[in-house]
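The values are calculated or read from the model by the stated rules, or taken from the named source; none is laboratory data. It should be emphasised that the depicted structure is a prediction, and the values quoted were computed from it without experimental measurement. Note that we place each Cβ from the backbone using ideal geometry, even for glycine, and neighbour counts take in every protein chain shown.
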Amino acid sequence: MLIRPFGINEFWIIVMAAQWTIALSAIAFAGGGVGGLLIALARVSDAKLPRLLATGFIRVFQGTPLLMQLFLVFFGMNILGFAINPWIAAAVALTLHASAFLGEIWRGCIEAIPPGQREAATALGLRYVNRMRYIILPQASRIAVAPTVGFLVQLIKGTSLAAIIGFTELTRQGQIINNATFSPFMVFGTVAAVYFVLCWPLSLLARRMEVKFSRSTTR
Amino acid sequence: MYNFNFEPVLAGFDKLLLGAWVTVQLSCAAMLIGLIVSILCAAGKTSRVAPLRWVIDAYIEIIRNTPFLVQIFFIFFGLPALGIRLSPNSAALVALVVNFGAYGTEIIRAGIESIQKGQVEAGTALGLSKLQIFRYIIMKPALRTVYPALTSQFIYLMLTSSVVSAISADDLAAAGNDLQSATFASFEVYIVITAMYLIMSIGFSAIFSMIERAAFRYPLSR
């Protein structure tokens, strides 16, 4: 049995694995951004069916563990006849997860816009698409920035669960190095530190924007 | 076309129920102990001793900016290096308490900040002791104000607790892993477990709103 010490090499292998964590987070965030916008729009729609579907989607994804969502996509791909691929399964599951959470966050932001804005836009003859695009969404997006950055932190942390279905990102790389070096204290300390370096600036940013925003809106 | 086979899941359903019961126990215990940790930390953050405030701030920031999976690996695999060896179930409980404590502290602190200063001054004027003021004038209304935030944090804690299956604690997700590797009916097992988690989170939401209606009947002042 070969046990190698935890040295500078092992440290860099773990740090470099963060690129997969970042890539997975970026894909899920981009996909979740598109999905979340659709969910949010469906959730505030005038038609009943899209509203019901979006509400159900949000309920299910906010009421079940992310780990189970990952497992279901992972094994579900096999049932649908695709080869099992942890990378794709993780990207799909996290995208769906992000869509539900961003959809719920952005619904709140859209509903926070005073109804008079929408009525005025309708009175000026703007149809749904233009009303959303030029009147409602630009205002809602200002409110949305801080909680969205806050959710990004949650999403980055969530990508660690991809390690359980075998995708080699930061946490999984830590497990692999730990199996070779048997120094869990150093290994998982390093892994935690890398996540902290990724997440903390975003948390601070989210908090600062929140304070700035609440100052600009209270008179 | 894939043939769904739920028979092995039904055959092992008693094990899943047992796992669900462990998940409920684990979450409730973590919530109660975590709430005590949160109240202590929130009280500590109002302390005049600066190093104490720094330690609490560091604790909150570290826990909130690292994944739960890494925290539990650190506690389960890393702490034995310091001579602290925990069984999977106790490591799971410790990790959940530590995790909930960090989020809970922020929630409780927000509640304490919502108490107006005049209330505390009125308490002092009435000759209440410091502990009495903290308990009756600060904590009681503060807890009521943050009750909705605390309950949704509890649901989140229960869902997060599925991650403790990664160190093979005895919770619902771990019971599912066992059943999955014994039957190979992977999708069927996990769809049933996911449904069980969904039922638990809907159930707990319902219980919490019942408690809210029963316990907080007197009007909320603004």
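Below are the figures for this structure:
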quantity: In the range A:68-88, the residues that are farther than 20 Å from B:T160 by Cβ and touching a residue at least 60 places away in the same chain (Cβ under 8 Å); calculated: A:P86, A:W87
quantity: Residue count, the range B:139-180 (criterion: outside any helix (DSSP H, G or I) and among the acidic types (D, E)); calculated: 2
quantity: Near pairs, Cβ below 8 angstrom, 6+ apart or cross-chain, from the range B:153-168 (more than 8 Å from chain A (Cβ to nearest Cβ) and free of Cβ contacts under 8 Å to residues at least 60 places away in the same chain) to any residue that is in a helix (DSSP H, G or I) and not hydroxyl-bearing (S, T, Y); calculated: B:Q153/B:F100; B:Q153/B:G104; B:Q153/B:I107
quantity: Residue within the range B:61-69 that is among the β-branched types (V, I, T) and either in contact with a His (Cβ under 6 Å, 6 or more places away or on another chain) or not in a helix (DSSP H, G or I) (or both) present; calculated: yes
quantity: Test: B:L198 is buried (at least 18 other Cβ atoms within 10 Å of the Cβ), among the aliphatic types (A, V, I, L, M) and either within 19 Å of A:G76 (Cα to Cα) or touching a strand residue (DSSP E or B) at 6+ places or on another chain (Cβ under 8 Å) (or both); calculated: yes
quantity: Extreme residue, nearest to B:A174 (Cα to Cα), among residues of the range A:149-168 that are buried (at least 21 other Cβ atoms within 10 Å of the Cβ) and β-branched (V, I, T); calculated: A:I164
quantity: Qualifying residues in the range B:67-92 (those that are surrounded by fewer than 20 Cβ atoms within 10 Å (Cβ to Cβ) and within 18 Å of the chain's Cα centre (by Cα)) - the one nearest to B:L172 (Cα to Cα); calculated: B:N89
quantity: Residues located in the range A:156-209, provided they are at the interface with chain B (Cβ under 8 Å from one of its Cβ atoms), in a loop (DSSP other than H, G, I, E, B) and either charged (D, E, K, R) or closer than 23 Å to A:F101 by Cβ (or both); calculated: A:I164
quantity: Tally of residues being in a helix (DSSP H, G or I), surrounded by fewer than 13 Cβ atoms within 10 Å (Cβ to Cβ) and not charged (D, E, K, R) across the range B:109-118; calculated: 1
quantity: Test: B:L32 is under 30 Å from A:Y195 (Cα atoms), modelled with pLDDT of 95 or more and crowded, with 19+ Cβ neighbours inside 10 Å; calculated: no
quantity: The range B:179-194, residues that are out of contact with any helix residue (DSSP H, G or I) (no Cβ under 6 Å at 6 or more places or on another chain) and more than 9 Å from every other protein chain (Cβ to nearest Cβ); calculated: B:S181, B:A182, B:F184
quantity: Hits in the range A:67-123 - residues which are among the polar types (S, T, N, Q), within 14 Å of chain B (Cβ to nearest Cβ) and crowded, with 21+ Cβ neighbours inside 10 Å; calculated: A:Q69
quantity: Hits in the range B:155-173 (condition: in contact with a Phe, Trp or Tyr (Cβ under 6 Å, 6 or more places away or on another chain) and under 16 Å from B:F76 (Cβ atoms)); calculated: B:T160, B:V163, B:I167
quantity: Close pairs (6 angstrom Cβ cut-off, 6 or more residues apart or separate chains): under 16 Å from B:A110 (Cβ atoms) in the range B:33-45, surrounded by fewer than 19 Cβ atoms within 10 Å (Cβ to Cβ) and of a type outside the set (K, R) anywhere; calculated: B:G44/B:L52
quantity: Pair list, Cβ < 6 Å and 6+ apart or interchain, from the range A:36-53 residues that are touching a residue at least 60 places away in the same chain (Cβ under 8 Å) and crowded, with 19+ Cβ neighbours inside 10 Å to residues that are of a type in the set (S, T, Y) and in a helix (DSSP H, G or I); calculated: A:G36/A:S99; A:I39/A:S99
quantity: Qualifying positions in the range A:51-66 - of a type outside the set (G, A, S) and either more than 10 Å from every other protein chain (Cβ to nearest Cβ) or part of a helix (DSSP H, G or I) (or both); calculated: A:R51, A:L52, A:L53, A:T55, A:F57, A:I58, A:R59, A:V60, A:F61, A:Q62, A:L66
quantity: Residue that is nearest to A:L170 (Cα to Cα), among those in the range A:202-215 that are surrounded by fewer than 13 Cβ atoms within 10 Å (Cβ to Cβ) and not polar (S, T, N, Q); calculated: A:R208
quantity: Contacts under 9 angstrom Cβ, first residue in the range B:121-139 being closer than 21 Å to B:I39 by Cβ and of a type in the set (G, A, S), partner part of a helix (DSSP H, G or I) and modelled with pLDDT of 85 or more, 6 or more apart; calculated: B:G123/B:Q132; B:G123/B:I133; B:G123/B:Y136; B:G123/B:I137; B:G123/B:I138
